[in-house]
Amino acid sequence: MTCLAKLMTCVAKLPTRPCSGALLVLLLSLAGCAVNPATGERQLVLFSESQEIQIGEDADQDITASLGIYEDEALETLVSDLGQRMGRASERPDLPWTFRVLDDPTINAFALPGGYIYLTRGILAHLTSEAEVAGILGHEIGHVTARHGIVRLTQAQITQLGLGAAMILAPELQPFGEAVGVGVQLLFLRNSRSAERQADELGIEYMRNLGYDPRELARVFTMLAQASGARDGDRIPGFLSTHPDPLERRDEVLRRVEEAGEDLSDARIGREEYLRLLDGLTFGENPRDGFFREQTFLHPEMAFRVDFPAGWQTVNARTQVQGMSPEQDAAIVLTLVAEDAPGAGRSAFLGQAGMETLRRWDDPVGGLPAAWADFRARTEQGTLQGVVLFVRHGDRTFRILGYGPENTWDRRRGVAHSALLSFQALTDPEVLGIQPRRVEIVQLPRAMTLRTFLQEYPSNARDETVAQINQLELGEEVPSGTLLKRVVGGS
Ligand SMILES: [Zn+2]
């Protein structure tokens, strides 16, 4: 991470975290050789199983807080029951297996050490059977049983020891250095090509254990190959961004299945059952979680709006909304705080170590009770200056912080202050009532091509997107009675 990004993180998260050097030395001294439960190989692992579980548990809290859980009991039950049965039939039946559906529109699935596994609602929208869900769960369970995450973490920690000096010598400005917690950062450590192959192989085995047709995993790779051409975002490396080409992996799966020569005529697929569960699924970004219209951030659920400065780069990161100046020498961060009274929030903020109050005043914002302060913050990396606003709206207290390095703050304070002043209640009924798009399941009354389906049952999404979520080509003939997905609603 870079100096500026580090500085900004420090203020946003004061008190600063201690350097993890001492922890690393401790961990290295605990290093040992262990036999891999899934592969039987001996390997260097820095963490015991209970430490592995602890790492997963800690990271899980970060991930559920920053990405959010998708509330849908039926889908949750399917993913969790299937996952539990698979996990308990694996080489590590006693891990605290945990399966979650994340409220995230990207196509993704990933695993954390200790048995924490996540599927996004985005990937679920693109699947067409229970067996495909089983294929993804099996693959991710494979990463856990073969301890890929923990081995990966081991290597990354060792590398980090050598990286620290280089980062200080060559600082590059990078916005939003640590927008997400440590748990989410864990996900940025990618699996190797061979780890992906091994997870595919284990996944096929776990699908077989439960009687699912392993060829459905091949269909997942076809879908991923199609979807990776689309610009559906790639916020977290996972299923999509793994190095081996999806089509290569598809062929490998089919080759393995053929080699095994088993009779799959009775193998479970569960297409209809799965598709019925998808009816009503939120599709794409959910505008109720807040969205940018040009530089204005609008939040229908919390009914407020804020104008970020023109030309600033903005990010809606669920737990916070951020803006960064084009010169990357100032940032604005909006979050919720626990204190009910704006003044209490301000006192807690200014009471942190290294914080110096320059001025404090109480001035309403958009007619709402508010507490303000100008401050200076001394951090390990240097001195920052900023302006902070605490404002009460509805039953929430918002904190908006504008800050930057002390030497350039004079030039940035005006624009940051204006942005903070723009906070106001959202009253536009059109925006307040905005709804996300949803998946609707249609049973075809007669045979037709997907193209005809798109005309007779129009979707609020591009044709290619509807083809992708149905795993069909536009010209493909679909038999009568088939269940197809369309995308409805939204604005
Ligand atoms: Zn993988």
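Just so it is clear, none of the values below were taken in a lab; they were calculated from the coordinates. Keep in mind that what you see is a predicted model, and the values were worked out from it rather than measured. A quick note on method: Cβ atoms are made from the backbone with ideal geometry, for glycine too, and the neighbour counts reach across all protein chains shown.
See the values below:
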{"item": "Cα gyration tensor shape of region 287-432, rounded if a/c is under 1.5, else prolate or oblate by comparing a/b with b/c", "result": "oblate"}
{"item": "Integer Hz, Karplus 6.51/-1.76/1.60 couplings in order for region 366-374, x for Gly and Pro", "result": "x, x, 9, x, 8, 10, 10, 7, 9"}
{"item": "Mean Cβ count within 10 Å, highest first, over the residues of peptides 394-406, 135-147", "result": "135-147, 394-406"}
{"item": "Spin-label pair L350/T449, simplified geometry with 7 Å Cα→Cβ offset, distance in nm", "result": "7.0 nm"}
{"item": "Computed over region 287-432: relative contact order in percent, which uses C-alpha pairs under 8 Å that are six or more apart", "result": "24 percent"}
{"item": "Estimated vicinal HN-Hα couplings, Hz - region 442-449 in sequence order (Karplus 6.51, -1.76, 1.60; Gly, Pro = x)", "result": "10, 9, 5, x, 7, 5, 7, 7"}
{"item": "Farthest positive-ward along region 437-489 dipole, Cα basis, beta-carbon charges - from I441, A467, Q455", "result": "I441"}
{"item": "Inter-part distance where region 435-472 and region 339-398 are each reduced to a Cα centre, Å", "result": "50 Å"}
{"item": "Of G367, Q313, G414, farthest towards positive along the dipole that unit charges on Lys, Arg, Asp, Glu beta carbons give region 287-432", "result": "G414"}
{"item": "Efficiency of FRET between A89 and A341 - r from beta-carbon atoms, R0 41 angstrom, step 0.05", "result": "0.15"}
{"item": "Contour minus Cα-Cα distance for E301 and E259 (0.36 nm per residue)", "result": "9.8 nm"}
{"item": "Whole-Hz couplings from phi, Karplus 6.51/-1.76/1.60, listed for region 346-355; x for Gly and Pro", "result": "5, 4, 5, 5, 6, x, 6, 4, x, 9"}
{"item": "Region 437-489, relative contact order [Cα under 8 Å, separation at least 6], %", "result": "61 percent"}
{"item": "Assigned charges on the beta-carbon of Lys, Arg, Asp, Glu; region 323-461 dipole about Cα centre (debye)", "result": "260 debye"}
{"item": "Separation in nanometres of the label points that stand 7 Å from Cα toward Cβ, at V488 and S418", "result": "4.5 nm"}
{"item": "Ratio of the Cα radius of gyration of region 437-489 to 2.2 N^0.38 Å, where N counts its residues", "result": "0.98"}
{"item": "Unit charges at the beta carbon, dipole of region 287-432: most positive-side option, S325, P300, P405", "result": "P405"}
{"item": "Computed magnitude of the charge dipole of region 437-489 (debye, nearest 20; Cβ of K, R +1, Cβ of D, E -1)", "result": "240 debye"}
{"item": "Length gained when the stretch Q61-E273 is fully extended (0.36 nm per residue, less Cα-Cα span)", "result": "73.2 nm"}
{"item": "Ascending count of other beta-carbon atoms within 10 Å, so fewest first, for F283, F375", "result": "F375, F283"}
{"item": "Projected label distance in nm at T314 and N460, using a 7 Å step from Cα toward the beta-carbon", "result": "2.1 nm"}
